[in-house]
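K.L.:
Below is a structure I'd like to ask you about.
Values quoted throughout were computed directly from the atomic coordinates according to the rules given, and no laboratory measurement underlies them. Just so it is clear, the structure is predicted and the values come from calculations on it, not from any experiment. Virtual Cβ from ideal backbone geometry, glycine too; neighbours counted across all protein chains shown.
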Amino acid sequence: LPRIAVLASGRGSNLQAVLDAIAAGALAGEVVGVFSDKPSAPALQRVPQALRWSAAAKTYSDRDAFDADLAAAVAAVRPDWVLCAGYMRILGGAFVERFRGRMINIHPSLLPKYRGLHTHARALADGESEHGCSVHFVIPELDAGAVIAQAVVPVRGGDDAEALAARVLAVEHPLLLAVMRLAVGGRLAEHGATVTLDGHPLFTPL
Ligand code: GAR
């Protein structure tokens with residue numbers, strides 16, 4: 001079975017969607033490790049202890065030192081895919097290059113809009129009528145890798161950031177699963193700015 005390493009900093013609902021799909025026979029893969037920069041992350045509790053790795057980033061001298069430990073731990077589980085599912089710490093270039101082409105992130109905006117943090121509040125502040133989420137290949141530049149798929153939701157009058165985040169999260173889970181099915185099936189590849197599905201380029205919005 002394709003081996004999936006998951007990086008998560010928080011709640012872990014996207015991780016849970018992956019675990020549930022595997023348990024239901026709807027995703028032909030195996031979660032071989034959950035890795036966190038936050039030892040208290042609830043996401044860690046969603047898998048057995050033997051699958052958990054965490055280290056408090058603030059106890060490290062710098063980003064490279066933390067990334068080196070994380071990379072060693074991730075590499076040790078021999079992942080076919082590295083999934084960033086609510087992983088909130090920037091990964092350095094050396095880490096990204098090591099797993100390039102097999103590392104995927106889910107981001108709560110319609111990229112290239114709203115890279116970085118506080119995406120829902122920023123979409124509301126701009127008066128957007130639509131918002132959503134993107135699943136993309138990870139490259140060293142933050143939230144800038146080639147988009148594989150997106151899901152769109154309406155912004156409704158009276159939405160606050162929390163209401164909008166909940167509406168987006170509801171479409172994150174099925175979108176992520178759809179992409180993960182293609183990924184573990186060996187059907188997706190990254191070629192710089194382009195993603196191919198079965199060798200055919202996918203349209204990527206500019
Ligand atoms: C999700 O909304 C995900 O898109 C976002 O964090 C949340 C994690 O939820 N990711 C980012 O903002 C990445 N920069 P979860 O822990 O319940 O999966």
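K.L.:
ARG11 versus (1) part of a helix (DSSP H, G or I); (2) within 16 Å of the ligand (Cβ to nearest atom); (3) surrounded by fewer than 21 Cβ atoms within 10 Å (Cβ to Cβ); (4) not polar (S, T, N, Q): which is the lone unmet condition?
P.N.:
(1)
K.L.:
Return the residues of segment 16-43 that are in contact with a Leu (Cβ under 9 Å, 6 or more places away or on another chain) and within 26 Å of ALA65 (Cα to Cα); say none if nothing qualifies.
P.N.:
Listed by number, the residues that qualify are VAL31, VAL32, GLY33, VAL34, PHE35, SER36, ASP37, LYS38, ALA43.
K.L.:
Enumerate the strands (runs of 3 or more DSSP E) found wholly within segment 41-147, keeping only those where 2 or more residues are in contact with a Ser or Thr (Cβ under 8 Å, 6 or more places away or on another chain). Give the steps one after another, and end with the answer.
P.N.:
Numbers: elements: 52-54, 81-84, 103-107, 130-137.
Passing ranges, in order: 52-54, 103-107, 130-137.
K.L.:
With respect to GLY199, is the statement that it is within 11 Å of the ligand (Cβ to nearest atom), exposed (fewer than 13 other Cβ atoms within 10 Å of the Cβ) and within 27 Å of ASP80 (Cα to Cα) true?
P.N.:
Numbers: within 11 Å of the ligand (Cβ to nearest atom): no; exposed (fewer than 13 other Cβ atoms within 10 Å of the Cβ): yes; within 27 Å of ASP80 (Cα to Cα): yes.
So GLY199 does not fit the description; no.
K.L.:
Exactly one condition in (1) within 14 Å of the ligand (Cβ to nearest atom); (2) free of Cβ contacts under 8 Å to residues at least 60 places away in the same chain is not met by ASP62; state its number.
P.N.:
Checking ASP62 against (1) within 14 Å of the ligand (Cβ to nearest atom); (2) free of Cβ contacts under 8 Å to residues at least 60 places away in the same chain, the one that fails is (1).
K.L.:
Mind listing just one residue for me: the one in segment 110-141 that is under 12 Å from the mean Cα position of the chain (by Cα) and within 10 Å of the ligand (Cβ to nearest atom) and, of those, nearest to THR196 (Cα to Cα)?
P.N.:
VAL135
K.L.:
Working only within segment 23-54, note down all residues that are in contact with a Pro (Cβ under 8 Å, 6 or more places away or on another chain) and either charged (D, E, K, R) or under 21 Å from PRO2 (Cα atoms) (or both).
P.N.:
If the condition is that a residue be in contact with a Pro (Cβ under 8 Å, 6 or more places away or on another chain) and either charged (D, E, K, R) or under 21 Å from PRO2 (Cα atoms) (or both), then ALA28, GLY29, GLU30, VAL32, GLY33 are the ones that fit.
K.L.:
Now, a different point. If you go through segment 147-190 one residue at a time, how many are aliphatic (A, V, I, L, M) and within 15 Å of LEU83 (Cα to Cα)?
P.N.:
Total satisfying the criteria: 14.
K.L.:
Can you tell me which of (1) surrounded by fewer than 19 Cβ atoms within 10 Å (Cβ to Cβ); (2) under 17 Å from the mean Cα position of the chain (by Cα); (3) free of Cβ contacts under 8 Å to residues at least 40 places away in the same chain is the one GLY101 doesn't meet?
P.N.:
Status for GLY101: all satisfied but (3).
K.L.:
Across segment 148-166, what is the total count of residues that are out of contact with any His (no Cβ under 8 Å at 6 or more places or on another chain), closer than 28 Å to LEU182 by Cβ and not in a strand (DSSP E or B)?
P.N.:
1
K.L.:
Output the number of residues of segment 104-123 satisfying the condition of being in contact with a helix residue (DSSP H, G or I) (Cβ under 7 Å, 6 or more places away or on another chain), without any contact (Cβ under 8 Å) to a residue 60 or more places away in the chain and more than 19 Å from ALA170 (Cβ to Cβ).
P.N.:
Qualifying residue count for the region: 0.
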